[in-house]
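*Asks:* Below: one structure in C-alpha cells.
The values are calculated or read from the model by the stated rules, or taken from the named source; none is laboratory data. Keep in mind that what you see is a predicted model, and the values were worked out from it rather than measured.
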Amino acid sequence: LHVAGGEYLILLDAESQIVNVGWIESLLNQAQRPEVGVVGAKLVDGEGAVTQAGLVLGLNGGVGSGFVGEPKTATGYMQ
C-alpha cells in the first residue's frame with residue numbers, strides 16, 4: 001500500500017469469488033461521486049444471505065452493517 005499509485009486502490013482477498021463481470025465499473029461508478037469516500041463489495045455467505053453490504057451512518061444510533069441477512073439478490077438502497 002505504501003508504494004501504490006493511482007487515483008483508486010482496490011483490495012481483494014485471494015479467496016474472493018467474483019460473480020459480477022462489471023464489478024470494477026460498479027465500484028468506480030460509486031467511488032467517483034464527490035460525496036463518497038469509500039466503496040465496498042456486497043459479501044454473501046454459502047446460503048446466499050448478505051453478510052456485509054457496507055456501513056450505514058446513523059443505523060442503530062451510530063454506524064451499522066446494512067442489509068445483513070437479506071437475500072443476495074436484494075438491491076438494498078442501490079435502486
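*Asks:* Filtering the stretch 3-38 down to residues that are among the small types (Gly, Ala, Ser) and within 18 Å of Leu55 (Cα to Cα), which residue is modelled with the lowest pLDDT?
*Replies:* In this case the residue turns out to be Gly37.
*Asks:* Take the residues of the stretch 58-78 that are of a type outside the set (A, V, I, L, M) and under 16 Å from Gly40 (Cα atoms): which is modelled with the lowest pLDDT?
*Replies:* Among those residues, the one meeting the criterion is Tyr77.
*Asks:* For the structure I just gave you, tell me whether Gly5 is in a loop (DSSP other than H, G, I, E, B) and within 12 Å of the chain's Cα centre (by Cα).
*Replies:* So Gly5 fails the test.
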